[in-house]
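Since the structure comes first, as structure tokens, the remarks are kept for the end.
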Amino acid sequence: MTTKPKRSNKQTLLWGAIIGGGVFLLVLLVGWGVTSLQKSNQTSQQQVTDAQKYLVLEAAAKDQIDLGNYESAISILTEVIGQTSERSEPYYYRAVSHSALGQYEQAVADFDTAIEVNPHWSLPLTGRGSAHVALGDLRAAIDDFSKAINLEPDQAVLYSNRGQAYHQLGKLPQARDDYNLALDLNPSMVAARFNRGVLLYAMGKTDMAIKDFTRAITSDPTHAPPYFNRGMIYAELGKTEEARADLLQFIALTDDAGWKALALETLTDLE
């Protein structure tokens, strides 16, 4: 059972999450031969067959990741890596699977190799940054997100992720700047909007925080955390009816027993 969050004089607000993602690149090298060099031609054909086989296995591993079968994906990708180690993608997807299982040290090792093989691909840097956050190494995470931003400066998610790492490190101005950049690039990005609301509340900018939580709700009315945070702020401000409406909506949407219990406790206090 989820541990019930502790209350303090300052309202406890939910945090957002580092965002990750995935794309994949297929590179198929086809050999050639001539009739007079039959042996060379057969070798080239075998290389093509092997390459196709590994691509099929890699696609099967991606399907397993989509289904949440991460251990199966790791097994398949390990077979691919054992036969062909010159491509970044199998290491990247195996790292993603390790991360999903909470195996962050193994994930970092695979992200390291993916980056070494292809230092110009931002996704392994982003994934390694997220793994560093999970391991508590926020400075390493910021370094990885910064490198990814240098490769893809128009990706809002990278600024949002780095902003949250700065936020957790207590560097609030840098966090605010990154959240602002993320929202400049993607005004409807719920994670950046929500996390900036948390930051603004911590900085004492209550009205601005409420506006960000409201915008987050408008962008995604099924996302529970903004209702909780806005409801808790309304409760702090003595706006009982608004607080009650938000907390009831949060309870209807969330599956988290600990936060739901805190919302119910706050509702009791409002009566």
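Summary of values
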{"item": "Hull volume in cubic angstrom per residue (convex hull over the Cα atoms of segment 96-185)", "result": "77 Å³"}
{"item": "Low-density loop positions, trypsin sites (Lys or Arg not before Pro), segment 151-206 - DSSP coil, at most 14 other Cβ in 10 Å", "result": "none"}
{"item": "Separation in nanometres of the label points that stand 7 Å from Cα toward Cβ, at D112 and T84", "result": "2.5 nm"}
{"item": "Inverse mean reciprocal Cα-Cα distance (Kirkwood Rh) of segment 152-271, Å", "result": "14.6 Å"}
{"item": "Estimated distance in nm for a label pair at T268 and Q52, the labels positioned 7 Å out from Cα along Cα-to-Cβ", "result": "6.7 nm"}
{"item": "Paramagnetic reach from D255 in segment 48-89 [backbone N under 16 Å; point 7 Å along Cα→Cβ]", "result": "67-69"}
{"item": "Quotient of Cα Rg and 2.2 N^0.38 Å for segment 40-207, N being how many residues it contains", "result": "1.23"}
{"item": "Additional length obtainable on full extension of the chain from A59 to K211, 0.36 nm per residue less Cα span", "result": "50.4 nm"}
{"item": "Ranked packing of 78-85, 129-136, most packed first, by mean Cβ within 10 Å", "result": "129-136, 78-85"}
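Read-outs: derived from the displayed coordinates by stated rules, not from any lab. These numbers come from a predicted model, not from an experiment. Backbone-built Cβ (ideal geometry, glycine too); neighbour counts: all protein chains shown.
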